[in-house]
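Derivation of every value follows stated rules applied to the coordinates shown; laboratory data play no part. What you are looking at is a predicted structure, and each value in this text was computed from that prediction instead of being measured. Positions of Cβ are generated from backbone atoms using ideal geometry, with glycine treated the same way; all protein chains shown enter the neighbour counts.
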Amino acid sequence: MFESLSDRLGGVFDALKKRGSLKAGDVDAAMRDIRIALLEADVALPVVKDFIAKVKEEAVGEQVLKSVTPGQQVVKVVHDALVGLLQSDDQDLTLIGEPPHAILMVGLQGSGKTTSTAKIAKRLTEKDRKKVLMASLDVYRPAAQEQLKILGEQTGVATLPIVAGQMPVDIAKRAMNAGRLGGYDVVMLDTAGRLHVDEQLMAEVAAVRDAAKPRETLLVADSMTGQDAVTVAKSFEDRVGLTGIVLTRVDGDARGGAALSMRQVTGKPIKFLGTGEKMDGLEAFRADRVAGRILG
Ligand code: GDP
């Protein structure tokens, strides 16, 4: 992720760092380059504008221009602004109150929802020592429920037994009951996805939400789809309400614009990054780490 952005910004910053002194005009030129680099990385225009305005305000200040290493100071201002853009207070899963805690996984088909469900379940089991139950509510795609069952066997996470013909809301209720009776800490509900956002999908997800009362509702979005991922996130936020975002396929996304736009446009924290097809291809999102990667 961020290869192209990182390359472009690296060039701008190398030039800046070499300069012994800086004038406001130098900073302006650097800001123009940063603006182009962000737009080319598919970051949404309003996000780019805000970002540049914030950086400019800080970077052309007297203190920066008169400092011994003005170029490096500008780089630091950009770094801090990036962290500010990406960071949120509720970065981690908030699983408080009486267990079992439902985590509702929503998103379009093919976004990586089932894979991410299993990855998060594995992480909660192994790292956080939680007792996790997974259930697939996807009764439309043939073999979707079996897919989750297989991932459960692979990762050693329990899955709700499949009952043929049962509808999503009823499966969600059965999963929560099984969670309570079985002493589970977390019940992960993998909902069905469609090829695009439609009313039927939203109504069904809303009904499942009402039945399961999730602590977390995570949108799984494919970072490779860039701005579309951000639009999808806004639709789900408006209709269902989200507590966070899982951004998948960042291993294949050289541009990285979705990550930068997502947080600002939706106001929701990115909680995890999907970094591969395998079950260990999951990273907890950390703003400083991502900003560091962008700036090289
Ligand atoms: P769903 O329809 O949203 O449940 O999507 P799936 O979980 O079935 O994932 C669709 C495809 O994307 C599968 O081939 C996954 O292995 C792949 N996939 C999911 N997450 C990632 C990721 O973070 N990186 C990569 N490279 N592939 C992923």
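The charge dipole of region 42-109, taken about the Cα centre with unit charges on the Cβ atoms of Lys, Arg (+1) and Asp, Glu (-1), comes to about 400 debye, rounded to the nearest 20. So what's the gap between the Cα centers of region 75-96 and region 256-296, to the nearest angstrom? Measuring centre to centre over Cα atoms gives 10 Å.
Each principal axis of the Cα cloud of region 236-285 was taken in turn, and the coordinate range along them, longest first, works out to 31, 23, 16 Å.
Tell me the net charge near Arg8. Cut-off is 9 Å between Cβ atoms, Arg8 excluded, with +1 for each Lys or Arg and -1 for each Asp or Glu. Before the final figure, lay out the partial values.
Working: positive: none; negative: Asp7, Asp33, Glu40.
Value of the local net charge: -3.
Put a plus charge on the Cβ of each Lys and Arg, a minus charge on the Cβ of each Asp and Glu, and nothing anywhere else: the dipole of region 176-296 about its Cα centre is then about 360 debye. Extent along the principal axes, Cα only, for region 106-167: 33, 24, 17 Å, with the longest axis given first.
The helix-based estimate of mean residue ellipticity at 222 nm for the chain, built from -39,500 (n - 2.57) per DSSP H run of four or more residues and divided by its residue count, is -16500 deg cm²/dmol to the nearest 500.
Taking the Cα centre of region 5-63 as the origin and placing charges on Cβ (Lys, Arg +1; Asp, Glu -1), which of Leu5, Gly25, Ile36 is farthest toward the positive end of the dipole? Working it through, the farthest residue towards the positive pole turns out to be Gly25.
Take the Cα pairs of region 110-206, get the Kirkwood Rh, then feed it into Stokes-Einstein at 4 °C and 1.567 mPa s and tell me D in µm²/s. The Stokes-Einstein estimate is 95 µm²/s. Taking other C-beta atoms within 10 angstrom as a stand-in for reagent exposure, Val77, Val205 fall in the order Val77, Val205, fewest first. Amide H to amide H distances under 5 Å link Gly256 with Phe2, where only residues 5 or more positions off or on other chains count and H is placed in the peptide plane. Count Lys and Arg as plus one, Asp and Glu as minus one, and take only other residues whose Cβ is under 13 Å from that of Lys149; the net charge is then -4. How large is the Kirkwood hydrodynamic radius of region 1-92, in angstrom, based on all distinct alpha carbon pairs? About 13.5 Å for region 1-92. Among the listed pairs Lys49/Lys122; Lys119/Lys268; Lys49/Lys213; Lys66/Lys234; Lys76/Lys271, those whose Cα-Cα separation exceeds 32 Å are Lys49/Lys122; Lys49/Lys213; Lys66/Lys234. Projecting the Cα atoms of Pro161, Thr125, Ile150 onto the charge dipole of region 123-200 (Cβ charges, centred on the Cα centre) puts Thr125 farthest toward the positive pole. Pair-distance distribution P(r) for region 125-261, from all Cα-Cα distances in 5 Å bins starting at 0: 2, 9, 18, 20, 21, 16, 11, 3, 1, 0 percent. When only alpha carbons of region 60-165 are considered, Rg and Dmax amount to 22.0, 71 Å. Placing +1 on the Cβ of every Lys and Arg and -1 on the Cβ of every Asp and Glu, with no other charges, gives the chain a dipole of roughly 440 debye about its Cα centre.
Counting residues in region 1-54 as N, plug N into 2.2 N^0.38 Å and put the Cα Rg over that result.
In units of the globular-protein estimate, region 1-54 measures up at 1.15.
What net charge do the residues around Gly193 carry, taking every other residue with its C-beta under 10 Å from that of Gly193, with Lys and Arg at +1 and Asp and Glu at -1? Walk me through the numbers on the way to the answer.
Details: positive: Lys113, Arg141, Arg194; negative: Asp138, Asp190.
So the environment of Gly193 carries a net charge of +1.
Note on region 181-273: Rg/Rh from C-alpha atoms, Kirkwood Rh, equals 0.99.
Debye-formula intensities of the chain, expressed as log10 I(q)/I(0) at q = 0.14 Å⁻¹, are -0.94 (one equal scatterer per alpha-carbon, no solvent). Tell me the angle of helix 45-59 to the major Cα principal axis of the chain, expressed in degrees between 0 and 90 and rounded to the nearest ten. So the helix axis and the longest Cα principal axis differ by about 50 degrees. Relative to the 2.2 N^0.38 Å rule of thumb, region 160-224 has a C-alpha radius of gyration ratio of 1.20.
For region 15-24, putting each phi into the Karplus relation 6.51 cos²θ - 1.76 cosθ + 1.60 with θ = phi - 60° gives couplings of 5, 5, 5, 6, 6, x, 9, 10, 10, 4 Hz, in residue order, rounded to whole numbers and with x for Gly and Pro.
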